[in-house]
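Everything on this sheet refers to the single structure shown next.
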Amino acid sequence: MIKSHTDFSPQFFVVGAPKAGTTAVYHWLRSHPAVFLPSVKEPSYFAYVDSSATPRGGPYDPDYVRKITVNRKSYAELYDAAGSGLTGDISPVYLLNECAAERIAAARPDARIIILLRDPVERAFSQFMHHLRDSIEPCETFEEALEQEEKRLFDGWSPGHAYAAHGHYLSQIEKYFAVFPKEQILVLEYQDLQSAPEHCWRQICEHLRIEPIGLVQNERVNATCDLVDVSGRPGLARRLKHPGPVQALLKRLMPPRLRAKLRHFLEGPRRPVPALRADTAHSLAGRYQSERRKIEQLIGLSLAHWTS
């Protein structure tokens, strides 16, 4: 049982990176009878302790932000039904956040940590596509978004809009190796999650010291890989799809089927999603080249297949 709302912290953490397979791992672990994960997929408490999770600027998903837990009592309450289960928190923002590693270590020095990595160029583009799908990316091209990234971050846009900046994994990983013993950290790579999920699952079970079971929910590792088109009016689509005054008004006035037809009409013709240009991929990869070898030495995995 949870002892109190002041001394509780989960026993393991999957800390990111975003778009590197955390959703699949969440479903894998949630299917294990010895594991308890809250229904809120990304509590993100240790990134936003007693502060606001709402970005200062830019578009964002208010429903996602609303589910972030910033209060310790509310965070502990997510685990009230855990019983004797192994408790975990899967929040990709913990790898990006400057303070999360130290906060987790202070609260739970014996925690088991799992870090998922992905080719930083592919990860950045996948995050861009995710935002296009959810109508929280105003730019029509990846190149334009990259050009605006520095100003966006200065203006307080959400961490997810740091497409290029968050591909610098070395400093992010080092924060965890600085505060946790190496044996408490497992690093897995996105391509392995795709090509050898059963092997990765066995590694996860061994790391968490739980009995391996079959992958009864072998969920897709990435949900944007088959995305072919998005709304041609992202600003309007965002207001129609995401919780807010416009959506609330429509819910009061119209039944679901009529709302869906109206939304389809108002969003206008859909536009095809862009492809990742070779020159953009090459240019972006150059930003990470110097640190890749250091990452390999630190985590003990070959990353030679990453974009070069």
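The values are calculated or read from the model by the stated rules, or taken from the named source; none is laboratory data. This is a predicted model, so every value here is computed, not measured. Cβ atoms come from the backbone with ideal geometry, glycine included; neighbour counts cover every protein chain shown.
Got a sec? Which of Tyr190, Tyr176, Tyr169, Tyr163 is surrounded by 17 or more Cβ atoms within 10 Å (Cβ to Cβ) and without any contact (Cβ under 8 Å) to a residue 40 or more places away in the chain?
Numbers: Tyr190 fails: without any contact (Cβ under 8 Å) to a residue 40 or more places away in the chain; Tyr176 fails: without any contact (Cβ under 8 Å) to a residue 40 or more places away in the chain; Tyr169 fails: without any contact (Cβ under 8 Å) to a residue 40 or more places away in the chain.
Every option except Tyr163 fails the conditions.
The rows are residues; the columns are (1) in contact with an Asp or Glu (Cβ under 8 Å, 6 or more places away or on another chain); (2) surrounded by fewer than 20 Cβ atoms within 10 Å (Cβ to Cβ); (3) closer than 30 Å to Glu198 by Cα.
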position	(1), (2), (3)
Ala17	no, no, yes
Phe36	no, no, yes
Gly58	yes, yes, no
Glu77	no, yes, no
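One line per residue, one yes/no per condition, for (1) at pLDDT 95 or above; (2) among the β-branched types (Val, Ile, Thr); (3) in a helix (DSSP H, G or I); (4) more than 25 Å from Arg123 (Cα to Cα):
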residue	(1), (2), (3), (4)
Thr23	no, yes, yes, no
His27	no, no, yes, no
Pro38	yes, no, no, yes
Lys41	no, no, no, no
Pro59	no, no, no, no
Asp63	no, no, yes, no
Arg66	no, no, yes, no
Lys73	no, no, yes, yes
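Among the residues of the stretch 184-227, those identified as modelled with pLDDT of 60 or more and either on the phi > 0 side of the Ramachandran plot or in contact with a Pro (Cβ under 8 Å, 6 or more places away or on another chain) (or both) are Trp201, Arg202, Cys205, Glu206, Arg209, Ile213, Leu215. When we screen Ser44, Ser31, Ser9 for residues that are surrounded by fewer than 24 Cβ atoms within 10 Å (Cβ to Cβ) and either among the acidic types (Asp, Glu) or under 15 Å from Tyr79 (Cα atoms) (or both), the only hit is Ser9.
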